[in-house]
Amino acid sequence: MSSSTMENGFFPEEVILQILARLPIKPLFRFKCVCKLWYKLPSSKYFIQLYNKISSQNPMVIVEVVKSFYARCSYICVDRLRGVSEFSLDFLNDRVKLRASCNGLLCCASVPNKGVYYVCNPMTREYKLLPRTRERPMTRFHPDDEATLVGLGFNLSTQKFNVVLAGFYRPFGRRPLDSFICLVFDSESNSWRRSISSRTEEFTHMNKNQAVFANGCIHWLTYSCLYILALDLENEVWKKIALPKEVASGSGNRVHLLELDGCVSVIQITEAWMSIWVLKDYNGEEWYEADRASLRCIKGLVPGVFPISQTSEFVFLATQRQILVYHRRSRVWKEMYSVKSPFTYPLWFSAHAFCSTIISCHQGANYP
């Protein structure tokens, strides 16, 4: 079937492209055998940009279902449009823990091999093993993790990504206890850069999975929930962003850091309400309240509910055993996934925002 046949007998080529750009990646790659045009699509720069743009408007949630510390994790993808599907990271040939997600790429840490990290695209099953750092794994203060913070920033336009490992390193008397070590991997140079600074801020364990990449910076929420710490990846400079006064001054509130349409956002949860705040002016630190939703319908789940991903239309949330979606226009709550086994870890502990994109984790990949 040629492109002229499509235009004369069926649909214009652009319509065909729009349809194919809405398919999951796996069937899209299977359809390469249909004709020459479809065979070239996954490597076409125009189609990749189209596919990624459409996909970014439909974010999903990846959940690492952890049954025990010694068993391999299983993974599910919760899609608001297509439901729940399973996927695997077995192509890494290693037992890994998912640490960060950004624009279709995942950063995974090897469980048996401390200090080993991968960046991969689980949809195309392509991966990159990052070079080992000279720094010892930061495990003395946080024995369950290799670093207090793991962040991943991926720029879709430049195809460049950065991995950030940061934490309070506490060796035997060589440095002060508040020495804060930050390691940044640059995919262009294929190397790590290291910096040490003296910081007193603590990062909340609750939000460690929610590192937000926006405006060329990776953002984390501090334990005090008074402000956000942002790392400028270009200049490798840390800066503070104050939270809205209504959020910072609230007592008994839970605050979660997310991304919304390319902007930094925080969701404030009280016993009765969920408020969505968006950083409208990044430089001027101007916030506005985008939405406010009643939690009356899920009252019994409120103490253990964690927002994971959001758009202007809906919010994905995780509880101990469920993935919920809240439709902002209709004000309707829906259960998307539920764990039947009572032995799994809480889902909010291992849930990450995700979007299915055709992207390469190898910097410098050229598309025809």
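The table below lists the values:
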| quantity | calculated |
| --- | --- |
| Tally of residues being part of a strand (DSSP E or B) and among the β-branched types (Val, Ile, Thr) across region 311-349 | 4 |
| From the options 267, 241, 276, 308, residue that is assigned to a strand (DSSP E or B), closer than 17 Å to residue 151 by Cα and of a type in the set (A, V, I, L, M, F, W, C) | 308 |
| Selected residue (criterion: farthest from residue 327 (Cα to Cα)) from residues of region 281-305 that are in a strand (DSSP E or B) and either in contact with a Gly (Cβ under 9 Å, 6 or more places away or on another chain) or among the small types (Gly, Ala, Ser) (or both) | 290 |
| Candidate set from region 17-59 (those that are surrounded by fewer than 19 Cβ atoms within 10 Å (Cβ to Cβ), closer than 24 Å to residue 83 by Cβ and of a type in the set (Val, Ile, Thr)); member that is modelled with the lowest pLDDT | 19 |
| Candidates 217, 225, filtered to the one that is surrounded by 15 or more Cβ atoms within 10 Å (Cβ to Cβ), farther than 19 Å from residue 283 by Cβ and not hydroxyl-bearing (Ser, Thr, Tyr) | 225 |
| Scope region 95-104; condition in a strand (DSSP E or B) and under 8 Å from the mean Cα position of the chain (by Cα); matching residues | 100, 101, 102 |
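The values are calculated or read from the model by the stated rules, or taken from the named source; none is laboratory data. Not measured: the values here are computed from a predicted model. A quick note on method: Cβ atoms are made from the backbone with ideal geometry, for glycine too, and the neighbour counts reach across all protein chains shown.
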